[in-house]
Structures are given as structure tokens and as C-alpha cells.
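Engineer: Take this structure, written in C-alpha cells, and hold onto it; I'll ask about it next.
The values are calculated or read from the model by the stated rules, or taken from the named source; none is laboratory data. Predicted model, so just to flag it, every value in this text is computed and none were measured. Neighbour counts run over all protein chains shown; Cβ positions are idealised from the backbone, glycine included. Keep in mind that these areas ignore ligands, DNA and RNA; they rest on the heavy atoms of the full protein, side chains included. Shrake-Rupley method; radii C 1.70, N 1.55, O 1.52, S 1.80 Å.
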Amino acid sequence: MYDIIVIGGGHAGIEASLAAARMNKKTLLVTSHLDSIAHLPCNPSIGGPAKGVVVREIDALGGQMGISVDKNHIQIKMLNTNKGPAVQSLRAQVDKVDYPAYMKEVVLNQENLDVLEDDVVDIIIDDLIVEGIVTKNNGNINTKKLIITAGTYLDSSILVGKTVTKEGPDGYNSVTGFCDRLRQYGFTFQRLKTGTPARVAIDSIDITNTSLELGSEEPVFFSDMSNEYKPLSKQVPCYLTYTNLETHQIINDNLSLSSMYSGVAKGTGARYCPSIEDKIVRFSDKDRHQVFLEPESKKMNTIYVQGFSTSLPIEIQDKMIHSIVGLENAKILKYGYAIEYEAIHATQLKTSLESQKIEGLYFAGQINGTSGYEEAGAQGLIAGINASLSVEKREPLTLRRDQAYIGVMIDDLVTKGTNEPYRLLTSRAEYRLLLRHDNAAFRLTKLGYEAGLVSEERYQNLIENEKQIDELLNVLENERFTPKHSINEFLLEKGYNQLYEGISAYSLIKRPEIKINELSEYIDLTMYKPQVINQVEILIKYEGYIKKAVKQASKAQELEDKIISEEIDYEVVPNLANEAKQKLQAIRPRSIGQATRISGINPSDIQNLLIYMKSR
């Protein structure tokens, strides 16, 4: 008997199984192929806008992804450094060979975690409570909780032109029959689609007329546990080129041969990561589109043609690729394709990612309708934590929208659902100024500690950093400069406005041009950690905006604190509109706040629900 079984060894499955095992639960990870653990079938990049912050949040909660990226990237850089902290995020190109190999070793050597290479053919459910799985070669295996992280393998098909092949990513087998079993218990599914571009040989590219894209020179990390930085000299460069009118003409002339436009594709594609043919049609006014040439591994001779996903026939892909500057003589090693697969409607889940229909059954990753390694890993982590807490009969961990991008994602999925592969964006977060790369640890490490996933040492380090922040803020508020202070000479020398009256160091740092480290001659900063100094500077410079966001979040929290009983029957709530009854009954929101975010629920419905709850 296992405490927790996880089906699937992708990014969601890894985080789920590691979290459960590290929370001292007897855990089993079942995967059809050991060599597919942490597989990177699409671009081996992790991070980017919003997604990079998610990796930071995974790390803050005690997850693995950030540590593994820091150890196995071939390029890393901070994006949007010329903009505010709310939109800055890390992005790394990881090694397609080393990253999965490292993750596999972590999984295989994790205490409390067994790994089984086998196919799961059925789920054992009794009286709507999960009891175990049935495997092809090892028979029945019992468990208290089950987490399904099937990725894009459920009834998956590969599409190239008008050819449809029943297959999973990179030639792995499609999983058939599993959806039908879940449908027997009332689960509903949707057909989704994503894609990948061609890979070309590095030594066949002419970089002469492309733009060089380098990583960051300064040390940057996804994990607070990392300290070994790869200097720029050891990172691999990427390159930027563009499509052109010839490329667009080739695509337009052959649209009818595309899986997407020929009627072969049935699934809905990702709006924010479209195929190149979709870009050409939707943005017909554009003369060119960016194409990034990104190496996949130091051990491979392959370039990922980022921004050029396609399902056109291979002979058309040849023409398209060779029309691009730098790729005129490119040798294509692998052609692009689209993949369709089944995903559940995530509105059938609780915020804990447990099924509303089957007790003890959790879902995480792309099976919930998301896209991306980061979104998958985050869901796996939350499912692993909550399944473990449930075994202990403790309350689940639910992250608020003002607390984490992970909270935004899960709330969006279970409240609104998605009819296309869901991708996290900064624009999805109404409190994005509070959800920054720099403060992920301060937001979430305590929660990871309370759940039992973050070590005592790491938690005490957080406490020490928080003390240092308070201390430095106090020092800056009490340190004052007069017009006669020597700091005026510094201000004049820099071309800054001089002082005409007394001012605190705190107020001086509010000036956009003043950096806190520039005051090191006048204030002793040597006892404070760099992350503490950086945090203090952001808190001071964006104080007004942060206070406003905190006030808005606190006001919204009043509705989140109004918990709705799980036993409520919406059919008997007086004066509710029929649409409201149907949606509330289906989604079963945990709070009034969540109920307000369900499309089709009007303020009058909320008011009537509140009246009913008060009367009860």
C-alpha cells in the first residue's frame, strides 16, 4: 500500500512525486518509459515572462525545477531589465540531454520514492473513492491518493500536413482507453493542440546576417539554493533572424496543405504560441516575424527554430526554412509537427487539484489544459503537497491570486476553465506588482515550511532576511542628510538635483535616479545581503504602488474569507438565475470570492447567495 501514486514522469509528475516523498509519504512514480522522465519534446527553455516567476515560486515552496535549471542550463538571462520589477523574469535555455538526465538521477535517488516502468491500464475506484491502479505488467497496486499527470499522451495524434499518426511526442506511444475509463465516472474532456518547429544542424547555419543573443553577465539564479554561476564565456549564444515576404508567400500558397487549415486538426491551438502559418494569417499586415535560433544541447548538433512551429508537409517546410536569412543552406534534422491530445475540463477540480467527483484523485499538468513545463511543474507540486496533506488529514494548501502566479493559474483553471492550451501571462495577474521574481521566497517559503517541504535551515534564513529588511528600512528612515552634508557634492557630480532642505536617506532613495548602493559611502551596507538591499530598494521606490495593490488585495480577501459550504445545494437557493445555478453546481466554488470570478455569475446572484448563506 502506497500513500501516493503518481502516474507520469513529466515535469508535473516529477514535482508531485518528489514533494510527496520529501513530505515523508511512501510514494510510487509510474511511467511508461524511464527515459522519458523530464523529457523536453518542445523547446528546452524554461522561464520567461510570468513563467520565470512560477519557477521561482516552485523553488520557494520547496520544489525541484529551479535547482535543476541552474545546474543544467546552457544560457540564462534576465528579461525586461529596462522595465519595472513586476515584469522582470529569468529565462534559461537548458541542456536537452543533461537536464532530463539530472532530473532522472534526482528521482531515482529520492528517499521514500519508488519508480516503476509500466503502463497503467485502469484505476481502482470503490464508492467514488480512489483505491489504486491496475498496471499492465505488475497488476493491482493500492494507494491512498492518486495523482494523474498524463501530459499530452492521452489519445494523442501527430499531424504533419494531411497525415495523422496515432503517436505521442517524439515517437512515444499514445495512451488509449484511459479517457474512456474516466468518462465512465462523469469526467468530460476537450481536444487541444500544440506544436513544435523543425530542428536544424548548427553547423549548417550562416550566422553572418543574424543578431547575436547572449545570456546575462551577472550571476542570476532561479533557486535560492544555487550559488554556482556559469559565466558568459561558458554559456552558449543564440541568434535572431526573421521571416520575410518570400517565407510568407510560400506559407500562403500552401495553407490548404496545413493540418490546421485543411480540416485535419480538430483540437484548439494555443493563442499565445501560434504556429507560423497562424501568425501569417492573423497578422497579415506584418512583413516579418522573429525567429530565434536556439541550441538544444552542448552534446547535440541541433538548433531549435523558435517561433516557427508548423504542421505543413515536410517538402513545404524545406522551402520555408531555406527562405530565412541564415538558414538558406540549413540541414533539417527533424521536421515540425502539431500534436493533438485529450485534456479534462479543469472546472471539475477543486482548488487543491483534487477531483470533485472522486475522493483522493488529483490531476496536474497539461491534462488540465495548460501548456508549458513551468505550469505543469507548478501544478504537480501543488497536487503532491495537497495529496500529502490529505493523507495527514490536514487542510489543503490554496494559494491566493495576490500570493502567487501559481494561485492565479489554478484559480483561472478551476473557476473559468480554458478552451485552449492555457499559458501564464503577466496580464493574467491583477496583483502582478506583488508577484515579482525578487520576492518569491518572502511570499511562499513560510508556506512550504508549514507544509513540511522546506527545511528548517532555509526557513531560518528567510527569517534572518526579513529581520535585515526591517533593520535596513529603519536605518534609512533615521539617517538624515542636510544641505550642508557632503552628499550634496556627490549629487552635483552625478548631475542629480541637490538638497535644499533636510531629507532622510529613505526619501532620497525614492528618487528614480538614486540607487541604494550609491549611498554606501554614507551608510554602512556591508552587513546586509545583496538580496536584502535589492528588496529594500524595490519596497522604497514602489512604495505607493505596492501599498495600493496590498489594499486592493485585502479588500478582495474579504470575499475570499466567506467560505461556501461543500454541502450547499444551489438548486434551492432562492432567486438564483438558472445559469448561475448550473455553473455554481458544476464548479462548486470554495468561497464567495471565487464565485464572483465565474463567467455568467452576476452581482445579483452573489447577493442572493450571500443572503441565503446568512440565513443558514
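Engineer: Highest first, please rank the peptides 114-123, 400-409 by the mean number of other Cβ atoms sitting within 10 Å of their residues.
Structural biologist: The peptides rank, most packed first, as 400-409, 114-123.
Engineer: Between Lys334 and residues 5 or more places away or on another chain, which pairs have amide H atoms under 5 Å apart, with H built 1.01 Å from N, and which residues are they?
Structural biologist: Arg199
Engineer: Sorted by average packing, counted as other Cβ atoms within 10 angstrom per residue and highest first, what order do 141-149, 191-199 take?
Structural biologist: Per-residue Cβ counts within 10 Å, averaged per peptide and sorted highest first, yield 141-149, 191-199.
Engineer: Hey, with R₀ at 60 Å, roughly what FRET efficiency would Asn80 and Thr163 work out to, going by the Cβ-Cβ distance, to 0.05?
Structural biologist: Taking R0 as 60 Å, the efficiency between Asn80 and Thr163 is 0.90.
Engineer: For the charge dipole of the chain, defined by +1 on Lys and Arg C-beta atoms and -1 on Asp and Glu C-beta atoms about the Cα centroid, which residue among Thr81, Leu499, Thr149 has the Cα displaced farthest towards the positive pole?
Structural biologist: Toward the positive end, the furthest listed residue is Leu499.
Engineer: What are the residues whose amide H is under 5 Å from the amide H of Tyr242, where those residues sit 5 or more places off or on another chain and H is modelled from the backbone?
Structural biologist: Counting only residues 5 or more places away or on other chains, the set is Val291, Val325.
Engineer: Also: Specify the inter-centroid distance of the stretch 489-513 and the stretch 397-412, based on alpha-carbon positions, in whole Å.
Structural biologist: 39
Engineer: Output wanted: per-residue J couplings in Hz (rounded whole) for the stretch 494-499, from phi through Karplus 6.51 cos²θ - 1.76 cosθ + 1.60, θ = phi - 60°, x for Gly and Pro.
Structural biologist: Along the stretch 494-499, the couplings run 7, x, 8, 5, 7, 8 Hz.
Engineer: Okay, moving on. In the stretch 185-270, if the dipole is taken from +1 on Lys/Arg beta carbons and -1 on Asp/Glu beta carbons about the Cα centre, which of Met260, Leu245, Ala201 is farthest to the positive end?
Structural biologist: Among Met260, Leu245, Ala201, the one farthest towards the positive end of the dipole of the stretch 185-270 is Met260.
Engineer: Can I ask one more? Sum -39500 (n - 2.57) across every DSSP H segment of at least 4 residues in the chain, then divide by the residue count to get the 222 nm mean residue ellipticity, nearest 500.
Structural biologist: -10000 deg cm²/dmol
Engineer: Hey, another quick one. Send over the per residue convex hull volume for the stretch 150-247, Cα only, as a whole number of Å³.
Structural biologist: 230
Engineer: If R0 is 25 Å, what FRET efficiency do you get for Ser455 and Tyr229 from their C-beta distance, rounded to 0.05?
Structural biologist: 0.65
Engineer: Sticking with this structure for a sec: Sequence-distant or interchain residues sharing an amide H contact under 5 Å with Val94, placed H: which?
Structural biologist: Ser45, Ile46, Ile74
Engineer: Also, quick follow-up: Given a cut-off of under 8 Å on Cα pairs at least six residues apart, what relative contact order in percent is computed for the stretch 456-523?
Structural biologist: It comes to 30 percent, rounded to a whole number.
Engineer: Which length gain, in nm to one decimal place, applies between Asp253 and Lys298 when the Cα-Cα distance is subtracted from 0.36 nm times their residue separation?
Structural biologist: 12.5 nm
Engineer: Residue-wise, which Karplus ³J(HN,Hα) couplings in Hz belong to the stretch 335-346, taking 6.51 cos²θ - 1.76 cosθ + 1.60, θ = phi - 60°, and x for glycine or proline?
Structural biologist: After applying 6.51 cos²θ - 1.76 cosθ + 1.60, I find 8, x, 7, 9, 10, 10, 7, 9, 9, 6, 7, 5 Hz.
Engineer: Follow-up. Need the C-alpha centroid separation for the stretch 211-264 versus the stretch 155-172, integer Å.
Structural biologist: Using only Cα atoms, the two centres lie 24 Å from each other.
Engineer: Work out, step by step, the length gained on full extension between Leu214 and Lys551: first 0.36 nm times the residue separation, then minus their alpha carbon distance; give nm to one decimal.
Structural biologist: Separation in residues times 0.36 nm, less the Cα-Cα distance, equals 117.3 nm.
Engineer: Take the Cα of Asn24, step 7 Å along the line toward its Cβ, and report every residue of the stretch 423-458 whose backbone nitrogen sits under 19 Å from that point.
Structural biologist: 447-458
Engineer: Compute the length gained on full extension between Lys510 and Glu471: take 0.36 nm times their separation in residues and subtract their Cα-Cα distance, giving the result in nm to one decimal.
Structural biologist: That works out to 12.3 nm of additional length.
Engineer: With θ set to phi - 60°, apply the Karplus curve 6.51 cos²θ - 1.76 cosθ + 1.60 along the stretch 159-176 and write out the HN-Hα couplings as whole Hz, x wherever there is a Gly or Pro.
Structural biologist: 10, 9, x, 9, 8, 10, 10, 6, 7, x, x, 6, x, 6, 5, 6, 9, 10
Engineer: Then there is this: For the stretch 509-566, just say rounded, prolate or oblate: build the C-alpha gyration tensor, square-root its eigenvalues into a ≥ b ≥ c, call rounded for a/c under 1.5, and beyond that prolate if a/b exceeds b/c, oblate if not.
Structural biologist: prolate
Engineer: Enter the Cα centre distance for the pair the stretch 526-559 and the stretch 317-351, rounded to the nearest angstrom.
Structural biologist: 40
Engineer: Run the dipole for the chain about the Cα centre, Lys and Arg Cβ at +1, Asp and Glu Cβ at -1, nothing else charged, and hand back the magnitude in debye, nearest 20.
Structural biologist: Once rounded to the nearest 20, the dipole reads 1160 debye.
Engineer: When you count, for each residue, the other Cβ atoms within 10 Å and take the mean per peptide, how do 13-19, 574-580 rank with the highest first?
Structural biologist: 13-19, 574-580
Engineer: Which percentage, to the nearest 5, of the DSSP beta bridges contained in the chain is antiparallel?
Structural biologist: Counting only bridges with both partners in the chain, antiparallel ones make up about 70 percent.
Engineer: If you don't mind, there's one more thing I want to ask. Can you send over the carbon and sulfur percentage of the accessible area for the chain, probe radius 1.4 Å, protein chains only?
Structural biologist: 47
Engineer: Now for a different question. Do any of Lys25/Lys467; Lys234/Lys299; Lys162/Lys279; Lys162/Lys299 go past 24 Å between their Cα atoms, and which?
Structural biologist: As for pairs spanning more than 24 Å Cα to Cα, those are Lys25/Lys467; Lys162/Lys299.
Engineer: What GluC sites (Glu not before Pro) does the stretch 474-540 have in DSSP loop regions with at most 13 other beta carbons within 10 Å?
Structural biologist: Glu501, Glu513, Glu521
Engineer: Relative contact order for the chain: what percent, with Cα pairs under 8 Å and sequence separation of 6 or more?
Structural biologist: Contact order relative to length: 17 percent.
Engineer: Would you mind checking the stretch 224-263 for residues with the amide N under 13 Å from a putative spin-label position 7 Å along Cα→C-beta of Lys71?
Structural biologist: Residues 225-228 fall inside that zone.
Engineer: Oh, and also: Over the chain, with the other protein chains present, what is the accessible area per residue in square angstrom, probe 1.4 angstrom?
Structural biologist: On a per-residue basis, 43 Å².
Engineer: Between Asp561 and Phe283, how many nm apart are label points set 7 Å from Cα along the C-beta direction?
Structural biologist: Output for this residue pair reads 4.5 nm.
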